[in-house]
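The structure appears below as structure tokens.
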Amino acid sequence: MSDIKPLATETVLLISSKNYSSWSLRGWLLVRMSGLAFCEQQVDPNDENARNELLLRASSIRVPSLIHEGVQIWDTLAIAEYLNEIKPRAGMFPKDRQARARCRSISGEMHSGFEALRSTLPMNLRMRRANFPLWSSVRADIARIEEIWRECLTTWGGPWLFGEKRSVADVMYAPVCTRFQSYGVKLDRLSEQYCETTLAHPHMVEWAEGAAAETESFTELEVEF
């Protein structure tokens, strides 16, 4: 990313593949939620660093990366906190202290956990695989995600995890909804409704349209079994 030199007044979000990159989707949704005007710039799909991150071969995630007023921020949670600072009226975190603490906790859990889900069900918006076989470790991840969703939706009343307004937590779990759709994962009714709400949001529809228009294909992420 060192060769990216936007103007000092330019706000740029660097993203990777819209079809395959869950982190890029999160970063893009966060900036859209904040209301900050920006230009998106897609890194070369053949860039070695970008490819390593997509294939989980990198120890850190540097895409997406937000460049704003000469400041560069990477890592989705860092981007979320930065946007919350400069756009406090966007209400990216819940107003209630208890809800806000839970929002940060489950966002962090998504950020650092669910390794089996990530590696076994890679994000691929163009894929549809009914009755995809799920290992026990993946089932455990899915069960925990459903537990998180049920607790939040019943406590705060939905349709989003913390009530009537989307939050950073909804962004963090949005790519999970695409995975469940791609691999035909069967969910409890409340979780299924939450996924339907997430996937129908205009920002998600816009991103999915961009993913469908991409021509690049990563054979390593086209699951065959």
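When peptides 137-144, 118-125, 18-25 are ranked by their average number of other Cβ atoms within 10 Å per residue, the highest-first order is 18-25, 118-125, 137-144. In units of the rule-of-thumb radius 2.2 N^0.38 Å, region 97-209 shows an alpha carbon radius of gyration of 1.01.
Amide H contacts of Glu40: Leu13, each under 5 Å away and 5 or more positions distant or on a separate chain (H built 1.01 Å from N in the peptide plane; Pro and chain starts excluded). Between Cys39 and Glu109, the modelled labels are 4.1 nm apart [label points 7 Å from Cα along Cα→Cβ]. Length available on full extension from Glu196 to Ala130: 0.36 nm per residue minus the Cα-Cα distance, which gives 22.1 nm. Amide H to amide H distances under 5 Å link Tyr183 with Arg129, where only residues 5 or more positions off or on other chains count and H is placed in the peptide plane. Across region 140-155, computed HN-Hα scalar couplings (Karplus, 6.51 cos²θ - 1.76 cosθ + 1.60, θ = phi - 60°) run 5, 4, 4, 4, 5, 5, 4, 4, 4, 4, 4, 4, 5, 5, 6, 6 Hz from first to last residue, x flagging Gly and Pro.
Subtracting the Cα-Cα distance of Ala143 and Ala78 from their residue separation scaled by 0.36 nm leaves 20.7 nm. Computed packing ranks the peptides 178-191, 198-211 as 178-191, 198-211, most packed first, by mean other Cβ atoms within 10 Å.
No value in this document is a laboratory result; all are computed from the given coordinates. Predicted model, so just to flag it, every value in this text is computed and none were measured. We place every Cβ from the backbone using ideal geometry, glycine too, and count neighbours over all the protein chains shown.
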